[in-house]
Amino acid sequence: MASTLTPDEAAVQLAATSSQRWHPTFHVAPVAGWINDPNGLCFYQGRYHAFFQHYPYEAQWGPMHWGHASSADLVTWRHEPVALAPDAPYDADGVWSGSAIETPSGTLKVFYTGHRWRDGRGPEGGNVQVQCVAESTDGVHFEKAGIVIEGPEDLDDFRDPCVWRHDDRWYLTLGVGFHGRGQVWLYASDDLDHWSFEGVLFEDPSPDVYMLECPQLFQLREHWVLLYGPMTHARPHGYTGRNGHNGGYVVGTWAPGQAFVPLTDYRPADWGRHFYATQTMLDPAGRRLAFGWMGEFVQPLASASEGWAGQLAVPRALTLGDDLRLRWTPIPELESLRGQRRDHGAFEVGLNEDYVIDPDADALEIELKVDLTATTSEAVLLHVHQTAPGCATTIAYDDLAERVQLDLGAVSQGGRGYRSAPFVGDELRLRVLVDRGSVEVFVGDGAETLSTLSFPDDGPRAVVLSSAGGTIAVTGLVTHKLGTIGLS
Ligand code: FRU
């Protein structure tokens, strides 16, 4: 570790070695180094704050810091100095994930997990995880105030405090691995300093799930949504749970003093390869906004060779349908990033034909509508990041399987494989956000989304719509070149 540099100096030095070919234009990402979970999302003193797990010294996970970006409008962002570093005895090996809340006296308090290796050396000896507080009067500079919750001595996984206010009390959820079972624990407080254990809010029904990371409970309409990341020993099976880290939610009922009663089964937050550790916040208008982390621990990311790894997905507004499924919609503010617009109108893609939507797109939004009742093609194949024929990331509606696939098998760099979300309907509507190093797909009304990092080879990046064994009835196709959020 280059310990003579401050965290911010280290990231700037690392950035000097990187090229911009995959560094995002409209996603929050570090100057350089590693990021994972969004942390401490809040609106404070007139600005939105997105903190995130950050290792500024290398493009790989290490002793975690809290990186920080802020925004007045959720569209353009600026980097802020690293907010928290692992420099106290109780967080010596990492300032791990947590949340933020404005106190009645107007300060900003962040709750985070102080992490250290039990044997002082590494993971083999286990972890000690305690919940800590730091406070700020400007949202940028923080003073640590020590430990507020210590767990039972023998627990290795006890982390990710999420604080919220309901009626006249504060509540806090924690992700816990309790003797082999994944649980969410609930605490309550009248003053944010003294916390009482209220009980186990939720236990994952699967005995294979040993830990629930980053739990968050919040209300939408008259229901309560519990988001979390189940960690499992089970072999991936079927379409869900295929990533190294998989996040999702259940919807249920809850009231203070009562049990959380799930009304639904678990459902993925996003069906793609890279969307994890979702954290939400209420904005001043009462919208529930969600940020997720696009990255992974399992395979080294191609961008790491250029000094950075990971980004946040675009902010999504969350609503709950009558079917008790979440709807994930890019916030409308992002439309202000739209530049040159091209309306391709309605047309047919002929038998086994390729229709070039854009010969070279760096940052592009695609809105596609297809009448499936008039489509005979076996698949609607939308290739993005195509640097040569057959070398692309492909979003495909597969009419045989009735699913939307996001296939990385042919992109030239980085991980291969595909992910797949269910879709049944007569009209296929896709909204796709293509950045330099990622793709986010919103299907229909946003009940299904698929997000992934995607690292194309050098050269022009075409966007092409292709048919397979039939024709495609396009009823609408509009593209927008997208501008920058000011961080690259
Ligand atoms: C989830 C997670 C959290 C933890 C943090 C450490 O990705 O493992 O549970 O607080 O990342 O970086």
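Summary table
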| quantity | calculated |
| --- | --- |
| Answer from ALA88, ALA15 - the residue that is of a type outside the set (S, T, N, Q), at pLDDT below 95, surrounded by fewer than 19 Cβ atoms within 10 Å (Cβ to Cβ) and away from the ligand (no atom under 14 Å from the Cβ) | ALA15 |
| Any pair with Cβ under 9 angstrom, 6 or more apart, that starts in region 283-294 at a residue that is in contact (Cβ under 8 Å) with a residue 12 or more places away in the chain and ends at one that is within 16 Å of the ligand (Cβ to nearest atom) and of a type in the set (Lys, Arg) | MET294/ARG273 |
| Condition check for LEU74: touching a Phe, Trp or Tyr at 6+ places or on another chain (Cβ under 6 Å) and either farther than 22 Å from LEU312 by Cβ or within 16 Å of the ligand (Cβ to nearest atom) (or both) | no |
| Per-region count, region 24-51, residues near the ligand (Cβ under 10 Å from one of its atoms) and of a type in the set (Phe, Trp, Tyr) | 1 |
| Residue match in region 426-441 (condition: open to solvent by 20 Å² or more (accessible area, probe 1.4 Å) and either within 28 Å of GLN299 (Cα to Cα) or within 19 Å of the chain's Cα centre (by Cα) (or both)) | yes |
| Search result, residues across region 383-403 that are of a type in the set (A, V, I, L, M) and over 20 Å from the mean Cα position of the chain (by Cα) | VAL384, ALA388, ALA392, ALA396, LEU400, ALA401 |
| Search result, residues across region 131-160 that are outside any strand (DSSP E or B), within 17 Å of LEU41 (Cα to Cα) and either within 16 Å of the ligand (Cβ to nearest atom) or not β-branched (Val, Ile, Thr) (or both) | ASP138, GLY139, HIS141, PHE142 |
| Among the residues listed as LEU406, LEU450, LEU400, LEU433, the single one being at pLDDT below 95 and among the aliphatic types (A, V, I, L, M) | LEU400 |
| Residues being among the acidic types (Asp, Glu) and out of contact with any His (no Cβ under 9 Å at 6 or more places or on another chain) - total across region 1-51 | 2 |
| Unique match (being in contact with a strand residue (DSSP E or B) (Cβ under 7 Å, 6 or more places away or on another chain), within 16 Å of the ligand (Cβ to nearest atom) and either farther than 30 Å from GLY106 by Cβ or outside any loop (DSSP other than H, G, I, E, B) (or both)) among LEU174, LEU201 | LEU174 |
| Residues being in contact with a helix residue (DSSP H, G or I) (Cβ under 7 Å, 6 or more places away or on another chain) and crowded, with 22+ Cβ neighbours inside 10 Å - total across region 58-73 | 2 |
| Filter result for the condition that a residue is modelled with pLDDT of 95 or more and touching a Leu at 6+ places or on another chain (Cβ under 9 Å), over GLY151, GLY175, GLY180 | GLY175 |
| Test result for LEU201, touching a residue at least 40 places away in the same chain (Cβ under 8 Å) and more than 27 Å from the chain's Cα centre (by Cα) | no |
| Residues located in region 452-482, provided they are within 25 Å of the chain's Cα centre (by Cα) and open to solvent by less than 30 Å² (accessible area, probe 1.4 Å) | THR452, LEU453, SER454, PHE455, PRO456, ARG461, VAL463, THR479, HIS480, LEU482 |
| Candidates HIS65, HIS54, filtered to the one that is within 16 Å of the ligand (Cβ to nearest atom), of a type outside the set (Phe, Trp, Tyr) and under 18 Å from CYS162 (Cα atoms) | HIS65 |
| Strands (runs of 3 or more DSSP E) completely within region 295-349 that count 2 or more residues being in contact with a Phe, Trp or Tyr (Cβ under 8 Å, 6 or more places away or on another chain) and under 30 Å from THR264 (Cα atoms) | 316-320, 326-330 |
| Residue that is open to solvent by 10 Å² or more (accessible area, probe 1.4 Å) and closer than 23 Å to LEU312 by Cβ, where the choices are ARG403, ARG419 | ARG419 |
| Subset of region 303-351 [among the aromatic types (Phe, Trp, Tyr) and over 14 Å from the mean Cα position of the chain (by Cα)] | TRP308, PHE347 |
| Unmet requirement for GLN131, which otherwise passes all of (1) over 18 Å from LEU84 (Cα atoms); (2) within 24 Å of the chain's Cα centre (by Cα) | (1) |
| Sole residue being open to solvent by 40 Å² or more (accessible area, probe 1.4 Å), within 18 Å of the chain's Cα centre (by Cα), more than 16 Å from the ligand (Cβ to nearest atom) and not hydrophobic (A, V, I, L, M, F, W, C), chosen from ARG287, ARG221 | ARG287 |
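The values are calculated or read from the model by the stated rules, or taken from the named source; none is laboratory data. On a predicted model such as this, the values are computed, not experimentally measured, just so you know. Note that we place each Cβ from the backbone using ideal geometry, even for glycine, and neighbour counts take in every protein chain shown. Heavy atoms of the whole protein, side chains included, go into the accessibility calculation; ligands, DNA and RNA do not. Shrake-Rupley method; radii C 1.70, N 1.55, O 1.52, S 1.80 Å.
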